[in-house]
């Protein structure tokens, strides 16, 4: 186990410890898109915090089913000790001084409490591909007994519904030690069961008013709402008797299929198998947490049932990638950028093929979806780069697996994609016949990865010929050219080669900003202007498998990016000193989106930077590895065991945005493996994390 927090329970919490417990989050996922999450200290601070956010079929989507469980230890003399609680306007129950340790066990959270001479361990387990949560409590040292009271508190609502959503009149049903809470909004019942010595329920309905969510308040959202509790469950715990509360939206048969020990052991076995199947360099001590973090983003989209039926009829399964927790769904761009790190590096190439096939089914007018909205069956297509990243992801998959069958299957669609781009497709995405460069942009849309938009304000529209779009376009042309030659379609390949060469020549003539010694971010932009803002997008002109930039200019571009954009946690989205530069990402939604791509650091960009660095300095892996050093400490902040979406542009580089982001984890893990000089292997022993140097 990796200790994240330790505290002497006989001492009071200092301000720094208190802040850490209320700011730092944990996350457990179930492989369906559902999850459980909260703060280490046990206080709800976000609209997304809860013990069971279930992934339900469309049109429900992810749904908050169990917001909190209030934990009280009752001693023999009747003394009550609060282990966690809620922050309300009338009083606070925050980080318990009885908490002595918080740790991660194969990515799963473990709390240790010291209560009346007893050491109590609490674990949260979500069985894979079930909407079920196990809260297990056991005595790991000490003697005697005490009684635990566990009070569920709920406001069942849509995933992103505000915390003040109206409380439904819930029906609470008791039958043969099986308990159900039913709302009237169409959600399935929340099934509850307590396992333990002298387990019982006390019906004591309460409305918990004015629960405060500090993170929502700081972000300018609704931050106060009510919860309802039907009563509390209780059970006796001692060194020989555990207690477990199980909450689920599954049927009773599925919910009761695993006892608490089986649920925990099954998840441990699954995590052990992930280590055994991954690239050896992904399993060393510095990488294995990221390996388990990667697992949190791969999921089976239960809402799109037609996709499941279609895939299974072909002998496949449907898979996708959650872009980030807590609020993102699966996004095409994020999925294709993340695919190598999350699947190929981790030994999950079969799932990579499922993901590629899933998105290929949704190709429309030469585009893959930008994203799938929560609870919807169809994607939205407003993206100029996701489809070009599809070529990159497919290439890395084929290089890794030699799966020529999938390439042959997708080749007609790939040819169709390029044809649509050459002729022109949605959102004014088309090739300029004069220079062969790709143009994109439509009023009111944000089509590149720099996609912040507030109401009708597109913060960084980048309409015109964007640098990374054309780097990706050239890369896609060269990849398809090679694939067509493999298919013995030389004439078609020759045609693509001409398009690629025309784009390459034009790119090097048009994008070089001689005064700055780097690349324009956009040329032929709005009103015909060229944008010389120093941004990280230029790195893709070097980093991709077929770099479009002439090699003679690689070194100055790399140096500029290193000097002006590189930080210990990724690349700034805009260099300091530029007109719109913002050093911090905070405030309300408008203020945050104004800074989102105007200086804010993006962790995922470290991957392309490392790729480009090693092209320029192929013998300098040591420096490349040093660029990744700042991420080690990030596994102990924001969401423990994972990496945040973004960071402030200036020290101390405070983590912001999603606390666990797919492409951040994917690109850091991929880059760590790429820069390692040695190899390690995992020994299959009873210890899950046992690693020895080979």
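Please treat every number below as a calculation from the coordinates, not as lab data. Please read all numbers here as calculations on a predicted model, not as lab measurements. So basically every Cβ, Gly included, is an ideal-geometry build from the backbone, and we count neighbours across all protein chains shown.
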Rounded to two decimals, the Debye log10 I(q)/I(0) of the chain (Cα scatterers, no solvent) at q = 0.06, 0.07 Å⁻¹ is -0.35, -0.48
Descending packing, highest mean Cβ count within 10 Å first, for 307-316, 63-72 is 63-72, 307-316
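Could you rank the peptides 250-257, 611-618, 110-117, 170-177 by their average count of other C-beta atoms within 10 Å per residue, with the highest value first? All intermediate terms of the calculation are to be shown ahead of the outcome.
On the way: 250-257: 13.9, 611-618: 17.6, 110-117: 19.1, 170-177: 12.1.
Highest to lowest by the protection proxy: 110-117, 611-618, 250-257, 170-177.
Going by how many other Cβ atoms sit within 10 Å of their own, how do 468, 158 line up, fewest first?
Details: 468 27, 158 17.
Lowest count first: 158, 468.
Can you give the Kirkwood hydrodynamic radius for region 46-164, in Å, rounded to one decimal and based on Cα pairs?
Numbers: mean 1/r = 0.0624 Å⁻¹.
For region 46-164, inverting the mean 1/r across all distinct Cα pairs yields 16.0 Å.
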Helix-only [θ] at 222 nm, the chain, -39500 (n - 2.57) per DSSP H run of 4+, per residue, nearest 500, equals -9000 deg cm²/dmol
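Grab the beta carbon distance between residue 401 and residue 203, set R0 = 60 Å, and tell me the FRET efficiency rounded to 0.05. List each step's numbers first, then the result.
Details: r = 56 Å, r/R0 = 0.94.
Step by step, r from the Cβ atoms, then E = 0.60.
Taking region 278-682, how much of its Cα-Cα pair set, in percent, is spaced more than 42 angstrom apart? Each step should come with its number before you reach the end.
Working: 4809 of 81810 pairs.
Distances greater than 42 Å cover 6 percent of the Cα pairs.
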Taking a crude spin-label model, label points 7 Å out from Cα along the C-beta direction, the residue 562 to residue 485 distance in nm is 3.2 nm
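Give me 219, 157, 62, 632 ranked fewest to most by other Cβ atoms within 10 Å of their Cβ, as a rough exposure proxy.
So the residues, fewest neighbours to most, are 632, 219, 157, 62.
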Taking alpha-carbon centroids only, region 203-220 lies from region 49-118 a number of Å equal to 15 Å
Whole-Å distance linking the alpha carbon centroid of region 133-162 with that of region 253-321 is 24 Å
So for R0 = 56 Å, FRET eff. of residue 501-residue 457 from the Cβ-Cβ r, to 0.05, ends up at 0.90
For residue 350 and residue 428, extending 7 Å from Cα along the Cα-Cβ vector and measuring point to point gives, in nm, a value of 4.7 nm
Sorted largest first, the C-alpha extents of region 2-256 along its principal axes in whole angstrom are 49, 45, 36
Residue 532 and residue 140 label points (each 7 Å along its Cα→Cβ direction) are spaced in nm at 6.0 nm
Most packed first (mean Cβ within 10 Å per residue), the peptides 473-484, 435-446 order as 473-484, 435-446
